[in-house]
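Let me begin by handing over the structure; questions about it come next.
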Amino acid sequence: MHELTVKELSEKVKAGKLRISEVVEFFRERIDTLNPQLNAFISTVNPEVVESPEESILPVPYALKDNILARGTRTTCASRILENYESPYDATVTRKLRGAGSILMGKTNLDEFAMGSTTEFSAFGVSRNPWDPSRVPGGSSGGSAVAVAAGMVPFALGSDTGGSVRLPASFCGVVGFKPTYGLVSRYGLVAFASSLDQIGPITKTVEDAALVASIISGHDPLDSTSMNREVDFLGSLEEPIEGFKVAVPREALETDGLDDDVRDSFEYALKLLEKLGCTVESVDLPILKYGVAAYYIVAPGEASSNLARYDGMRYGLREAGDDLDQTYRNSRGSGFGEEVKRRILIGTFTLSAAYYEAYYDKALRVRRLFANALSDVFKEHQVIAMPVSPVKPYPIGEIKSPLVYYLMDIYTIPANLAGVPAIAVPVDLREGLPVGVQFLAKRFDDPLLLGFAHAFEKARGSFPLPRVSVE
């Protein structure tokens, strides 16, 4: 069962070939067996299963990143400050999936408050890559990617603020899709950087990603940034892509630290696209090198503001002091991890009166230039292709410098800064580790992007699953 796609499993259940209760029991046992070694889940739930597949759109199990609310579960954000926080309501995506018949199996591990690219910054321990448990699975949605790659659930949801769905998907050899900003409601997603955060699916195939996106998307009056625009995610899946023009930013291949295997894998992906009748062209995108700098001013600035609510007063951890100020210090000091503290400090500094214009205001201007630059590329090209990460999955604990892992986001950040859709698709294995490619399209061209990625996936052929030992 764990090898089936979302579509295949759903069809078998709806056709009566599998009972939903036996499907749930199968994945429950698989989670219980594999989680001790992979640490993909922070918590699991025992769902009530109702046998009514004929009324369900998507009667399959799934997992939620533990920064998305589901009533009856804890939502910890992998932080000690929310360790015992009970979700008081459902996120809109959770409600929609329940309405479609999907069954929540548990909440997955992440970098604390989604701040990180490795899942090493979780208060509940690092998740491990199923291809090699000594290596990182990427982040921040590392637990969700591990759960899907290891066959613990057919699909999972993550959140993507600067690449947090696409990077772990690439590191774990699965598909990660970030829809256009505003197409999926953020209501019930614990905020990191509100103008960048977007919920997206992690699946085995592009078709599954389109299927899940079609259910979780749609206008939501509970989210002020939700777009009142209907998008048919499944509508262009089988459209031919012959004649498409694909842009490859020259600067993307001139990045310091680009791994030779990643470069070779990317060039192989471009050759596949040419075989499909696409025209691959190099373009100048000089602003690419400023993306990391702009992002790490905008995102921490918003995080500094959003995380001010964790003050030890209303909810979450409270460690009382002699006065109000000391209570704040105690609660936030022991509740937040080092990376979250670092980003709060960066954000508070750049938002301060003395430095706002020099940093935050300037970063917002660069963000606008980013959106304009990508828009100019999309006037002549349907798709932009880039690597997902400059490196392959590396050993847990190997990278110590924050700057080094911040630079891992150089290829994924542009889609968030510009609010455009992006998808990571596996290409091949290098030294036994998966390497992915990333495609971007203009805003609201999500159906075109999914159709393009689906065509690429078919040309690539089936992708292997990691051999995870089940004793």
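In contact (Cβ under 8 Å) with a residue 12 or more places away in the chain, among the aromatic types (F, W, Y), closer than 18 Å to A191 by Cβ and crowded, with 18+ Cβ neighbours inside 10 Å - does that describe any residue in the stretch 376-393?
Residues of the stretch 376-393 in contact (Cβ under 8 Å) with a residue 12 or more places away in the chain: 377-378, 380-393.
Still in the running and among the aromatic types (F, W, Y): 378.
From what's left, closer than 18 Å to A191 by Cβ: none.
The answer is no; no qualifying residue exists.
Pick from S144, S140, S164: which is within 23 Å of V6 (Cβ to Cβ), assigned to a helix (DSSP H, G or I) and of a type in the set (G, A, S)? Spell out how you get there, then give the answer.
Details: S140 fails: assigned to a helix (DSSP H, G or I); S164 fails: assigned to a helix (DSSP H, G or I).
Criteria check complete, one pass: S144.
Also: Within the set of pairs 6+ apart or on separate chains, which have a first residue in the stretch 202-224 that is without any contact (Cβ under 8 Å) to a residue 40 or more places away in the chain, a second that is aliphatic (A, V, I, L, M) and crowded, with 17+ Cβ neighbours inside 10 Å, and C-beta atoms under 6 Å apart?
Listed pairs, sorted by first residue: S217/L183; S217/V184.
Give the residues of the stretch 311-343 that are of a type in the set (A, V, I, L, M, F, W, C) and either at pLDDT 95 or above or touching a helix residue (DSSP H, G or I) at 6+ places or on another chain (Cβ under 9 Å) (or both), sorted by residue number.
Just the residues of the stretch 311-343 that are of a type in the set (A, V, I, L, M, F, W, C), to begin with: 313, 317, 320, 324, 336, 340.
Passing the criteria: M313, L317, A320, F336, V340.
Taking the conditions exactly as written (in contact with an Asp or Glu (Cβ under 7 Å, 6 or more places away or on another chain) and either outside any strand (DSSP E or B) or buried (at least 24 other Cβ atoms within 10 Å of the Cβ) (or both)), does R186 satisfy them or not?
Details: in contact with an Asp or Glu (Cβ under 7 Å, 6 or more places away or on another chain): yes; either outside any strand (DSSP E or B) or buried (at least 24 other Cβ atoms within 10 Å of the Cβ) (or both): yes.
Spelling it out, R186 is indeed in contact with an Asp or Glu (Cβ under 7 Å, 6 or more places away or on another chain) and either outside any strand (DSSP E or B) or buried (at least 24 other Cβ atoms within 10 Å of the Cβ) (or both).
Grab the helices (runs of 4 or more DSSP H) fully contained in the stretch 200-310, keeping just those with 3 or more residues being over 30 Å from I346 (Cα atoms), under 24 Å from the mean Cα position of the chain (by Cα) and modelled with pLDDT of 95 or more. Write out each step before concluding.
Numbers: elements: 206-216, 260-275, 291-306.
The helices (runs of 4 or more DSSP H) meeting that bar are 206-216, 260-275.
Have a look at G173, G142 and point out the one that is crowded, with 24+ Cβ neighbours inside 10 Å and in contact with an Asp or Glu (Cβ under 9 Å, 6 or more places away or on another chain). Walk me through it before giving the result.
Details: G173 fails: in contact with an Asp or Glu (Cβ under 9 Å, 6 or more places away or on another chain).
Only one candidate qualifies: G142.
Moving on. Step by step: first the residues of the stretch 437-453, then only those that are out of contact with any Phe, Trp or Tyr (no Cβ under 8 Å at 6 or more places or on another chain) and surrounded by 24 or more Cβ atoms within 10 Å (Cβ to Cβ), then the one that is nearest to S214 (Cα to Cα). Which residue is that?
G451
So, in the stretch 58-88, how many residues would count as being surrounded by fewer than 24 Cβ atoms within 10 Å (Cβ to Cβ) and outside any loop (DSSP other than H, G, I, E, B)?
The number of residues fulfilling the criteria is 4.
How many residues are of a type in the set (K, R) and over 24 Å from L38 (Cα atoms) when one looks only at the stretch 68-122? Even if it seems obvious, please write down each step before you answer.
Just the residues of the stretch 68-122 that are of a type in the set (K, R), to begin with: 71, 74, 80, 95-96, 98, 107.
Pick out the ones that are also over 24 Å from L38 (Cα atoms) and you get 71, 95-96, 98.
Total meeting the criteria: 4.
Residue-wise test of (1) modelled with pLDDT under 95; (2) surrounded by fewer than 23 Cβ atoms within 10 Å (Cβ to Cβ); (3) hydrophobic (A, V, I, L, M, F, W, C).
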position	(1), (2), (3)
P426	no, no, no
V435	no, no, yes
S462	no, yes, no
V468	yes, yes, yes
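Could you tell me which numbered condition S331 fails, if it satisfies all but one of (1) under 16 Å from A123 (Cα atoms); (2) surrounded by fewer than 15 Cβ atoms within 10 Å (Cβ to Cβ); (3) of a type in the set (S, T, N, Q)?
Result: S331 fails condition (2) only.
Scan the stretch 124-155 residue by residue and report those that are among the charged types (D, E, K, R) and in contact with a helix residue (DSSP H, G or I) (Cβ under 7 Å, 6 or more places away or on another chain). Steps first, answer last, please.
Here is the first cut: in the stretch 124-155, the ones among the charged types (D, E, K, R) are 128, 132, 135.
Once the filter is applied, which keeps residues that are among the charged types (D, E, K, R) and in contact with a helix residue (DSSP H, G or I) (Cβ under 7 Å, 6 or more places away or on another chain), the stretch 124-155 yields only R128.
The values are calculated or read from the model by the stated rules, or taken from the named source; none is laboratory data. Everything numeric here is computed off the predicted structure, so don't read it as measured data. We place every Cβ from the backbone using ideal geometry, glycine too, and count neighbours over all the protein chains shown.
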